Amino acid sequence: MSDLDTSNPDYDYPTEHSLRKIRRWDFADGYSPLMDYVKSLWWPSGWGWHQQGRHYRISTGGWSGNEDVMYALGRNFQFWSQCWKVHRAGGHYAFEIPKGVVKPNPDWQKGGKKRLEYEARQREGEQTSGPCTVEVSE
């Protein structure tokens, strides 16, 4: 299945399949592969996309296909909560990929005791690790 709808010769819109893939991305390999995938869907290719190492500045240019991609990225809670830095009017975004390997916290996903403890500490204003843990390897 193609990730782009090529029925319009002027624009390659992302398909529902590709947007679902962004929303449900498997982070076993980290966040950079997701950003590579998002870049592969970007139109026009090479425009509005700036990367310096772990830092990304992205502009949609107001194109609805790019806006759909960013909406799907925003629906990916794990990515957005760990990497989003700023969004400005006009479709301008900044992201930073955290150092280290980000792994899902299995206790959080199960909704077990660790999650309940986390939520209780959050209500008390304590800084705690949430749905993901970051293992820093420098």
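Quick look at the numbers
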read-out: Sites residue 16 and residue 47 - FRET efficiency at Förster radius 25 Å, r taken between beta-carbons, to 0.05; value: 0.55
read-out: Sequence of 3, 26, 68 once ranked by neighbouring C-beta atoms within 10 Å, starting from the fewest; value: 26, 3, 68
read-out: Cα→Cβ-extended label distance, 7 Å offset, between residue 37 and residue 80, nm; value: 1.7
read-out: Ranked list, fewest to most other Cβ atoms within 10 Å of each Cβ, for 77, 95, 27; value: 77, 27, 95
read-out: Long-range amide H partners of residue 15 with built H, under 5 Å; value: 4, 5
read-out: Fewest-first sequence of 99, 39 by Cβ atoms within 10 Å of each Cβ; value: 99, 39
read-out: Per-q log10 I(q)/I(0), the stretch 4-96, q = 0.13, 0.21, 0.22 Å⁻¹ (Debye; single scatterer per alpha-carbon; no solvent); value: -0.39, -1.08, -1.19
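FYI, it's all coordinate maths here, none of it is from the lab. Note that the structure is a prediction, hence the values are computed from the model and not measured. So basically every Cβ, Gly included, is an ideal-geometry build from the backbone, and we count neighbours across all protein chains shown.
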